[in-house]
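The values are calculated or read from the model by the stated rules, or taken from the named source; none is laboratory data. What you are looking at is a predicted structure, and each value in this text was computed from that prediction instead of being measured. Positions of Cβ are generated from backbone atoms using ideal geometry, with glycine treated the same way; all protein chains shown enter the neighbour counts. Protein only, heavy atoms only, side chains kept; ligands, DNA and RNA dropped before computing areas. Shrake-Rupley method; radii C 1.70, N 1.55, O 1.52, S 1.80 Å.
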Amino acid sequence: MSSSMFFNVAMVTYLVSTCIFFAFLASRSKAVGLAGTYAALFGFLVETAAIGLRWKESYDQGHGHAPLSNLFESVVFFSWTIILIFLIMDFKYKYRAVGAFVVPFALFGLAWAQLSLDSGIEPLVPALQSSWLMYHVITCFLGYAAFAVACGISIMYLIRDKMEQNGGSAAAGGMLSMFPAVKVLDDLNYKAIMIGFPLLSLGIITGAAWANYAWGTYWSWDPKETWSLIVWFVYAAFLHARITRGWVGRRAAILSVIGFAATIFCYLGVNLFLSGLHSYGK
Amino acid sequence: MNTTKRGFAYQLWDFFCSLRLSIFLLIGLALVSIIGTIIPQGNPPQEYLQTISETKFKLYQQLGFFDMYHSWWFILLLYFLTLNLICCSIKRLPRVWKIISEPVLVMDDRFETSLSITRDVKMTGAAASIKDQIVSFLKQEFAEPVVTEVNGEYHLFAQKHAWCRLGVYVVHFSIIIVFIGAIIGSFAGYKGYVNIPEGGSISRVVTRNGKAVDLGFAVRCEKFSVAFYDTGAPKEFKSLLTVLENGQPVAGKQNIPVIVNEPLTYKGVTFYQSSYGPSDEGASYHISVKNRKTGAATQITARQGERVALPGGAFLSVMEGTADVRPFMKDFDGPGAQVEFTPPGGQPQPFVILGDKYQSFNEQHGGDLVLTLASLDQKFYTGLQVAKDPGVLVVWLGCALMVVGICMAFFMSHKRLWARVTDGSVTFGGSASKNPAGFELSFDELMQKLNKG
Ligand code: HEM
């Protein structure tokens, strides 16, 4: 069995999980919500196996390396980290409805990777032959994933907030009743960013350490570095906004969405639109 | 009166203490940083003029957009951020320090109502004996309490992780440390680049600012080699470097392999594998020349660019070559060379010759002769990035502090417990700086333990 088949199974499972979560919003049945979480967990385990298998396949080809070295592998890993962070937060806080807005991110990622990215296993070019690659990529992507979760939660916040302003009665029935209260969403958003911000900071620091080790400059204002700093600034602004009166709630949620948009640009946009030292996606 | 003067100083102070300014600066820095990722930084003027008009070029140059991250206004924003950080900390730190060092020891009625978690517990016995019980209980289960006696009532106070309130200030301080490290690096360090041909050595480097720096020692490139994967993608670039002091190799610094991601450091100067190329000296090519008719074969050796006579009156010059053609010619490997062959009395013909694996390929050219590239001695130069940065350790110190500070600020909570002991009853109060819901759970657990015990 090849890793590609496992990736396909994981993709379908995330699709199922997304559908179940939406069914949960509609049906308001606790059991359905739990089923959504279990589906996500199953998909996560399958994807873990797929990544492990791909790792082994690279060894079978004679140039073994962690599966974190090209765009396909990083997108797959991104979807894996999103589900990981989601499952951790789901386990801790048990607000199932969040799944409907977070699992789709992982689904999109995996589907994109499987359906249209080159999945060939390539040997590592000299620039990537370093154990710093692992530390750097893992910390960055865990951080990005936490921001994805925060973004999903913020979208829920903005929807619910809007509905409540247009007359509270809308909130009483329908799908919205399964959304956590805005105060809870605000808090969950903050909690997700509290996971993401330290990881992004570590990601930037390990990246700087690697750059210093490999090129002799820990910071060279290359577009990818600069964008990671931009993302860091946005979330630092978010953290300070929370302790400033008038900036909690809606504005914080908007900042979180902007932060994730910047994150995605940092991850993909920089390679597609700008030029620099980082080699993913070229 | 000097109220207006005082007023202005106060306003300035308030301005720099304001969190709104921090948010503005952080978002502002995020926004302006985008400019430098769209406009390429530090290219020569001609390159910009190819894509933008002269007036635009002048405007951008005035605004410092071509070296944006070192422009005066960007640095100014960073100074404002630092100032904001320092002022805010000066203003708030004393208050936080007071919470840590002078805790409220006595929970009176007014203070009790300000706490979100309070519980009344009935206990048997006089105040003094209950107090002793609670003290040993808290000592075992939470932290050692401070006891204060007021009007026959006992007030207990215990706290955990008070110092984690300083986490935020550790983070802020760490940012300043990183800035200091960067400033040290920019004044006391340099970055440069050298090419060393195989067998050659250098003792000075030209920095990015165009200054020549004497290293005080020399570096010799013993050998450079490049290896490829089967796919033709590069696998390894390797220089063997030797450090020389007064012309003599330094013990332990001889034939050190330097590859991408594994630099060589000597006396604070680090050499990074960065690029390579054929050295000016050129390669020597060993070529076998076979006469198609007679089958007579001879070996010749040609230096790159040299015009050599072949048997029968033809001439050959080798333009360039490589030990491995995979990156240039799909489905071929081994050595290859671009040659210019001049048959007797004819016009020069350029073509490629390969190793003896590809006889039929080689037979396509050369008139009466078949040329085969037996081997080549390629001489390379290695391109090394050279850097000295005495500020780097300070930067890492700042980064380490930042990680510690973030962990303190995000993952630790200052937990406080108060107890007011009277005859037959105890009132508990509690507060935590983070995660109040989680604290309430552990608070209730504590109360249950007390009831059982
Ligand atoms: C413009 C300069 C800055 C100022 C004036 C400033 C000021 C503050 C203040 C007053 C607090 C609240 C402290 C408290 O709760 O007692 C805070 C929290 C914090 N600051 Fe800053 N800050 C600045 C820049 C930064 C930057 C660049 C970072 C980047 C890491 C940062 C990281 C933090 C963190 C992690 C917290 C804790 C937030 C929380 O607990 O939710 N600050 N800052």
note = Across (1) at pLDDT 90 or above; (2) not in a loop (DSSP other than H, G, I, E, B), B:Leu105 clears everything bar (2)
query = In the stretch B:171-181, what residues are of a type in the set (A, V, I, L, M, F, W, C) and away from the ligand (no atom under 14 Å from the Cβ)?
reply = B:Ile180
task = Considering (1) within 20 Å of the chain's Cα centre (by Cα); (2) away from the ligand (no atom under 16 Å from the Cβ); (3) crowded, with 21+ Cβ neighbours inside 10 Å, say which one A:Phe265 fails and leave the rest.
result = (3)
ask   = Can you name the residue in the stretch B:431-453 that is part of a helix (DSSP H, G or I) and among the basic types (Lys, Arg) and is also surrounded by the most Cβ atoms within 10 Å (Cβ to Cβ) among such residues?
value = B:Lys449
task = Write out, first by first residue and then by second, each pair whose Cβ atoms fall under 8 Å of each other, whose residues are 6+ apart or on separate chains, and whose first residue, in the stretch A:1-29, is within 21 Å of A:Val46 (Cβ to Cβ) while the second is part of a loop (DSSP other than H, G, I, E, B) and among the polar types (S, T, N, Q).
result = A:Ser4/A:Ser119
In the stretch B:59-76, the residues that are outside any loop (DSSP other than H, G, I, E, B) and either touching a Lys or Arg at 6+ places or on another chain (Cβ under 8 Å) or surrounded by 16 or more Cβ atoms within 10 Å (Cβ to Cβ) (or both) = B:Tyr60, B:Phe65, B:Phe66, B:Met68, B:Tyr69, B:Phe74
remark   = When the stretch B:258-275 is checked residue by residue, the ones that are more than 8 Å from chain A (Cβ to nearest Cβ) and open to solvent by 20 Å² or more (accessible area, probe 1.4 Å) are B:Glu262, B:Thr265, B:Tyr266, B:Lys267, B:Gly268, B:Ser275
The listed residue being more than 14 Å from every other protein chain (Cβ to nearest Cβ) and either surrounded by 14 or more Cβ atoms within 10 Å (Cβ to Cβ) or within 12 Å of the ligand (Cβ to nearest atom) (or both), out of B:Phe428, B:Phe411 = B:Phe428
query = aliphatic (A, V, I, L, M), out of contact with any strand residue (DSSP E or B) (no Cβ under 9 Å at 6 or more places or on another chain), within 14 Å of chain A (Cβ to nearest Cβ) and more than 26 Å from A:Lys224 (Cβ to Cβ), is that true of B:Leu21?
reply = yes
message = Being open to solvent by 50 Å² or more (accessible area, probe 1.4 Å) and under 21 Å from B:Ala296 (Cβ atoms) is the filter here; which residues of the stretch B:350-366 pass it?
response = B:Asp356, B:Gln359, B:Ser360, B:Glu363, B:Gln364, B:His365
A:Ile230 within 12 Å of another protein chain (Cβ to nearest Cβ), in contact (Cβ under 8 Å) with a residue 24 or more places away in the chain and open to solvent by 30 Å² or more (accessible area, probe 1.4 Å) = no
request  = Name every residue in the stretch A:38-78 that is open to solvent by 50 Å² or more (accessible area, probe 1.4 Å) and away from chain B (no Cβ under 14 Å), in order of residue number.
outcome  = A:Tyr38, A:Leu41, A:Phe42, A:Leu45, A:Thr48, A:Trp55, A:Lys56, A:Tyr59, A:Asp60
request  = Go over the candidates A:Ile121, A:Ile153, A:Ile159, A:Ile138 one by one and state the one that is hydrophobic (A, V, I, L, M, F, W, C), without any contact (Cβ under 8 Å) to a residue 40 or more places away in the chain and more than 16 Å from the ligand (Cβ to nearest atom).
outcome  = A:Ile159
task = Kindly check whether there is at least one residue in the stretch B:218-231 that is on the phi > 0 side of the Ramachandran plot, modelled with pLDDT under 85 and within 12 Å of chain A (Cβ to nearest Cβ).
result = no
query = For the stretch A:241-250, does any single residue satisfy the condition of being more than 7 Å from chain B (Cβ to nearest Cβ), closer than 29 Å to B:Val258 by Cβ and surrounded by fewer than 22 Cβ atoms within 10 Å (Cβ to Cβ)?
reply = no
key: Checking B:Gly125 against (1) open to solvent by 50 Å² or more (accessible area, probe 1.4 Å); (2) more than 16 Å from the ligand (Cβ to nearest atom); (3) outside any strand (DSSP E or B), the condition it does not meet   = (1)
request  = Filter the stretch A:204-226 down to the residues that are in contact (Cβ under 8 Å) with a residue 40 or more places away in the chain and hydroxyl-bearing (Ser, Thr, Tyr), then identify the one that is farthest from the ligand (Cβ to nearest atom).
outcome  = A:Tyr213
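Mind listing just one residue for me: the one in the stretch B:138-170 that is within 16 Å of the ligand (Cβ to nearest atom) and surrounded by 18 or more Cβ atoms within 10 Å (Cβ to Cβ) and, of those, nearest to the other protein chains (Cβ to nearest Cβ)?
Applying the filter and picking the extreme gives B:Val168.
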message = Between B:Glu198, B:Glu149, which is in contact with an Asp or Glu (Cβ under 9 Å, 6 or more places away or on another chain) and charged (D, E, K, R)?
response = B:Glu198
query = Restricting the stretch A:55-86 to residues that are without any contact (Cβ under 8 Å) to a residue 40 or more places away in the chain and part of a helix (DSSP H, G or I), which is farthest from A:Tyr267 (Cα to Cα)?
reply = A:Asp60
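Counting only residues that are of a type in the set (Val, Ile, Thr) and part of a helix (DSSP H, G or I), which one in the stretch A:125-138 is most open to solvent (accessible area, probe 1.4 Å)? Break it down into steps so the answer makes sense when it comes.
Of all residues in the stretch A:125-138, those of a type in the set (Val, Ile, Thr) come to A:125, A:137-138.
Next cut, part of a helix (DSSP H, G or I) only: A:137-138.
Values: A:Val137: 7, A:Ile138: 60 Å².
Residue satisfying both the conditions and the ranking: A:Ile138.
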task = Specify the residue that is least open to solvent (accessible area, probe 1.4 Å); the eligible residues are those in the stretch B:77-98 that are within 10 Å of the ligand (Cβ to nearest atom) and farther than 19 Å from B:Phe15 by Cβ.
result = B:Val96
request  = Run down A:Gly36, A:Gly43, A:Gly52 and say which single residue is in contact with a Cys (Cβ under 9 Å, 6 or more places away or on another chain) and in a helix (DSSP H, G or I).
outcome  = A:Gly36
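State yes or no: is B:Asn255 within 11 Å of chain A (Cβ to nearest Cβ) and either closer than 21 Å to B:Tyr381 by Cα or touching a Phe, Trp or Tyr at 6+ places or on another chain (Cβ under 7 Å) (or both)? Step through it out loud before you land on a result.
Numbers: within 11 Å of chain A (Cβ to nearest Cβ): no; either closer than 21 Å to B:Tyr381 by Cα or touching a Phe, Trp or Tyr at 6+ places or on another chain (Cβ under 7 Å) (or both): yes.
Spelling it out, it is not the case that B:Asn255 is within 11 Å of chain A (Cβ to nearest Cβ) and either closer than 21 Å to B:Tyr381 by Cα or touching a Phe, Trp or Tyr at 6+ places or on another chain (Cβ under 7 Å) (or both).
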inquiry  = Cβ contacts < 6 Å: first residue within 14 Å of chain A (Cβ to nearest Cβ), restricted to the stretch B:36-59; second residue of a type in the set (Phe, Trp, Tyr), any location; separation 6+ or different chain. Result?
reply    = B:Gly36/B:Tyr69; B:Ile39/B:Phe65
query = Does at least one position in the stretch B:182-203 carry a residue that is among the aliphatic types (A, V, I, L, M), within 16 Å of the ligand (Cβ to nearest atom) and within 14 Å of another protein chain (Cβ to nearest Cβ)?
reply = yes
request  = Return yes when A:Ser201 is within 13 Å of A:Cys140 (Cα to Cα) and either surrounded by fewer than 21 Cβ atoms within 10 Å (Cβ to Cβ) or within 12 Å of the ligand (Cβ to nearest atom) (or both) and no when it is not.
outcome  = yes
